[in-house]
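Student: One structure follows; several queries about it will come next.
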2 protein chains.
Amino acid sequence: MEYSVHVRMNERLFLRDPDGSDLGRRIIRQSILLFDEVGFEDATFRKLAERMGTKEASIYRYFENKHRLLVYLVAWYWQWIDFQLVFRTNNLTDPHEKLERLLNLLLLKDLDQSMTDDLDLKALHSIVIRESSKAYLTHHVTEDNRQHLFKPYKDLCARIAGIILELRPDYPYARSLASSLIETIHYQTFFMQNLPSLTDFGPIPAGQHTHPGKLIGFVRHLLYASLGAPIHNQD
Amino acid sequence: MEYSVHVRMNERLFLRDPDGSDLGRRIIRQSILLFDEVGFEDATFRKLAERMGTKEASIYRYFENKHRLLVYLVAWYWQWIDFQLVFRTNNLTDPHEKLERLLNLLLLKDLDQSMTDDLDLKALHSIVIRESSKAYLTHHVTEDNRQHLFKPYKDLCARIAGIILELRPDYPYARSLASSLIETIHYQTFFMQNLPSLTDFGPIPAGQHTHPGKLIGFVRHLLYASLGAPIHNQD
DNA sequence: CATTAAAGATAGTAAAGCTATCGAATATAC
DNA sequence: GTATATTCGATAGCTTTACTATCTTTAATG
């Protein structure tokens with residue numbers, strides 16, 4: 001028996017719900033591939049339309065502009081991660097165990113592609129690493145925030161902060177540590193792949209998708225050192 | 001007696017050296033103000049030219065495009081920080097002391113405006129926080145890196161890693177910790193100001209430039225916890 | 001069959017991004 | 001002091017991006 005988990009998105013993220021039509025779902029699927037291939041700056045609605053065999057105007061019926069589409073993809077990703085976290089830590093009591101599951105999730109380890117139907121999660125993960133900060137590093141971040149466009153990311157951080165507080169109820173920087181954990185994983189991954197001298201992990205051999213494990217070692221060390229706990233070495 | 005420290009830049013960062021002419025220096029000074037005011041995406045060479053009372057084409061004689069100008073500003077900033085770090089930690093022996101100076105520097109505390117002549121360091125700092133990751137989060141990062149455009153940032157990280165290793169010669173993640181330190185300060189500052197629920201520090205009251213000190217507390221905790229050292233509380 | 005919503009098709013505007021050229025001003029060389 | 005070269009201002013133009021408008025076709029619904 002198959003379960004399909006539907007991610008319900010904030011209506012301000014789109015003009016027409018892309019999940020409500022075939023064309024809309026193709027926009028999502030193809031935009032992930034396009035953003036991943038050419039990068040956010042070089043992607044245009046025209047190129048996306050051509051690749052989809054449709055017209056620019058059709059895409060504008062779903063999304064105000066390219067930036068909103070990026071925000072949508074990133075929001076979708078964080079809601080997906082948040083759900084996965086809830087699912088995978090359900091019934092666990094040990095916060096250490098929960099944090100381990102979280103790290104594996106953020107590094108997209110042992111991925112079950114069947115749960116995401118038709119869209120390319122690895123490509124989406126690459127987009128999140130390379131482009132997601134552009135979703136909020138704008139001049140209009142306050143306005144976007146007012147419309148709750150970043151709620152999925154904030155919800156996930158709050159959930160992580162909750163786990164941190166289970167482990168150390170008196171830790172005074174739970175939310176900052178949660179957001180730092182996510183961001184650190186992202187740009188260390190990016191640096192490792194593109195500016196490796198900024199890290200202590202070599203670049204990943206081409207074609208290989210799994211991380212050599214040193215990155216997770218660093219993050220684990222950072223996390224548990226901060227929480228004053230012994231390092232939970234599992235790698 | 002006044003000393004003017006000249007920052008010598010990599011020649012690939014520009015077409016014509018902006019520091020070699022009056023117009024060039026005005027481009028730098030005004031672009032900092034423009035980027036700070038309207039944000040990188042909404043800034044254009046046309047707007048910059050208008051504000052300077054010159055023409056678009058003149059700016060193109062100095063910089064290939066807007067992105068290269070950003071890379072130049074960011075590179076200048078990191079070279080300046082690196083020099084300041086060398087200067088301020090000169091003759092110090094205690095690595096703890098050096099790291100404290102570094103933190104204050106990265107948070108732009110006790111700034112001596114006289115050392116930067118005519119350009120607005122606080123505005124440049126804001127640009128670095130909000131826009132600097134866009135300098136490398138591109139599809140052409142590898143090509144840019146080949147041209148050594150990010151060398152100042154890498155040099156600074158290497159220097160910080162050196163201090164870390166003075167303190168803990170066996171610490172295995174010195175470079176990653178160095179880059180994480182810088183990046184963490186940046187986006188925690190950004191979050192604090194724009195998405196405060198992602199942090200444990202409230203937003204800074206408008207018009208106030210000094211940080212309430214909680215951010216530095218977090219970063220210090222993260223740093224010294226990682227290095228297994230007692231926390232050096234000075235705030 | 002009539003209605004209406006979605007999407008295809010075509011067109012067009014405004015701005016951004018960038019290049020080319022020409023002449024005036026100014027500095028430098030001889 | 002005249003020749004030469006460099007810099008900058010000024011104008012123009014081209015291509016692409018970003019976005020809007022409108023009209024027709026198609027498909028779904030009652």
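Student: Is the protein assembly as shown rounded, prolate or oblate when judged by the Cα gyration tensor, a ≥ b ≥ c being the square roots of its eigenvalues, rounded requiring a/c under 1.5 and prolate requiring a/b larger than b/c? Can you show the working numbers first?
Tutor: Working: a/c = 1.77, a/b = 1.12, b/c = 1.58.
Oblate, because a/c is 1.5 or more while a/b does not exceed b/c.
Student: Same structure, new question: Evaluate peptide A:216-225: per residue, the Cβ atoms of other protein chains within 10 Å of its Cβ; return the mean as an integer. Let's see the in-between values first.
Tutor: Working: counts 0, 3, 7, 3, 0, 8, 9, 3, 2, 8.
Average per residue, whole number: 4.
Student: How far, in nm, would the chain grow between A:Glu166 and A:Asp120 when pulled straight, counting 0.36 nm per residue and subtracting the alpha carbon separation? Mind showing how you got there, number by number?
Tutor: Details: separation 46, 0.36 × 46 = 16.56 nm, distance 3.38 nm.
Roughly 13.2 nm would be gained on extension.
Student: Would you tally the net charge around B:Asp155, using a Cβ to Cβ cut-off of less than 15 Å, leaving B:Asp155 out, and scoring K and R as +1, D and E as -1?
Tutor: Values: positive: B:Arg8, B:Lys151, B:Lys154, B:Arg159, B:Arg175; negative: B:Asp82.
With Lys, Arg at +1 and Asp, Glu at -1, the net is +4.
Student: Rounded if a/c is under 1.5, else prolate if a/b is larger than b/c, else oblate: which is segment B:11-226, with a ≥ b ≥ c the root eigenvalues of its Cα gyration tensor? Show your work: numbers first, answer last.
Tutor: Numbers: a/c = 1.87, a/b = 1.52, b/c = 1.23.
Because a/c hits 1.5 or more and a/b exceeds b/c, segment B:11-226 counts as prolate.
Student: Can you list the copy-to-copy distances for A:Ser21, using a point 7 angstrom from Cα toward Cβ, in nanometres, shortest first?
Tutor: Ordered by increasing distance: 5.3 nm.
Student: Oh, and also: Which chain B residue comes nearest the axis with its C-beta when you rotate B onto A, and by how many angstrom?
Tutor: Chain B residue with minimal Cβ-axis distance: B:Ala225, 2.
Student: Using a Förster radius of 25 Å, what is the FRET efficiency between A:Asp155 and B:Val38 based on their Cβ-Cβ separation? Nearest 0.05, please. Each step should come with its number before you reach the end.
Tutor: On the way: r = 31 Å, r/R0 = 1.24.
With a Förster radius of 25 Å, E is 0.20.
Student: Given contacts defined as C-alpha pairs under 8 Å and at least six residues apart, what's the relative contact order of chain A, whole-number percent? Walk me through the numbers before you get to the answer.
Tutor: Values: 206 pairs, mean separation 44.4, N = 235.
It rounds to 19 percent for chain A.
Student: Can I ask one more? Set the Förster radius R0 to 51 Å, insert the Cβ-Cβ distance between B:Arg25 and A:Asp110 as r into 1/(1 + (r/R0)^6), and round the FRET efficiency to 0.05.
Tutor: So the FRET efficiency works out to roughly 0.40.
Student: Amide H neighbours of A:His148 under 5 Å, counting only residues 5+ apart in sequence or on other chains, H built in-plane at 1.01 Å?
Tutor: Hits under the 5 Å cutoff: none.
Readers should treat all values here as calculations from the given coordinates under stated rules, not as data from a laboratory. Predicted model, so just to flag it, every value in this text is computed and none were measured. Cβ coordinates were reconstructed from backbone atoms using ideal geometry, including for glycine residues, and neighbour counts include every protein chain displayed.
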